[in-house]
Amino acid sequence: MKKVLFISFSIMFVLFVANLTFAYGPHDENCVECHSIHQAKGESLPAVYNTTEKYTTGEALKGVDAFCLGCHNKNTGIMPIEIHKTHPVGVAPKKAKVPADYLRKGSFVCVSCHDPHPSNPNYKYLVIDTNGGKNLGKFCGFCHPAQASPAESPKPAPATAPAPATAPKKK
């Protein structure tokens, strides 16, 4: 009996460590933390409730922003985002030259910069590899070239944004 318990525990331990080793980050690798077929809480099969937080304009968060903040809020506490202390979302850019590929229905939203799928190995799930966060200025410079340092400013800005990361490239 002790041998069976030891073997069972050993197998469970190995599987647990393997899961930690191969996971890319805090987002679930099999989709169900964010998406659900049977437990859907809205039209696009979200597994989380949208937040009740508001944009800085006072309007309720909507769409993908409400979905993201369903987990990333001060009440849930999963890497909380305070919407009034972060990059503006839910707005149509007026000054920044945001490539159309980064907008959703003409608005800047959470997924304009972040692709939260576990197949994205980039720092903070950004849509562009920033070398572990060391080249954030270059990334921000795609839309804000005037604020980027000359060394980090894009050389010239591309006509469209680089394609969002969907899966790590095999080497």
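No value in this document is a laboratory result; all are computed from the given coordinates. The model shown is predicted, which means the values in this text are computed figures rather than measured ones. FYI the Cβ positions are ideal-geometry reconstructions off the backbone, even for glycines, and counts take in every protein chain you see.
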- Task: Mind listing the long-range amide H neighbours of residue 54? Cut-off is under 5 Å, sequence gap 5 or more, other chains count too, H placed in the peptide plane at 1.01 Å from N.
- Result: 61
- So, with points 7 Å from each Cα along the Cβ direction, the residue 38-residue 131 label distance in nm works out to 4.8
- Cα→Cβ-extended label distance, 7 Å offset, between residue 2 and residue 78, nm: 4.2
- Note, region 130-135: 3J(HN,Hα) by Karplus (6.51, -1.76, 1.60, θ = phi - 60°), whole Hz, Gly/Pro = x, goes 10, 6, x, x, 6, 10
- Query: Once amide H atoms are built 1.01 Å from N in the peptide plane, which residues 5 or more positions from residue 108, or in another chain, come under 5 Å H to H?
  - Reply: 90, 91, 92
- Which whole-Hz ³J(HN,Hα) couplings does region 68-81 yield from phi under the Karplus relation 6.51 cos²θ - 1.76 cosθ + 1.60, θ = phi - 60°, glycine and proline marked x? 4, 6, x, 9, 8, 10, 5, 7, 6, x, 8, 6, x, 10
- Which of 62/134; 74/97; 74/124 exceed 29 Å between C-alpha atoms? The answer is 62/134; 74/97
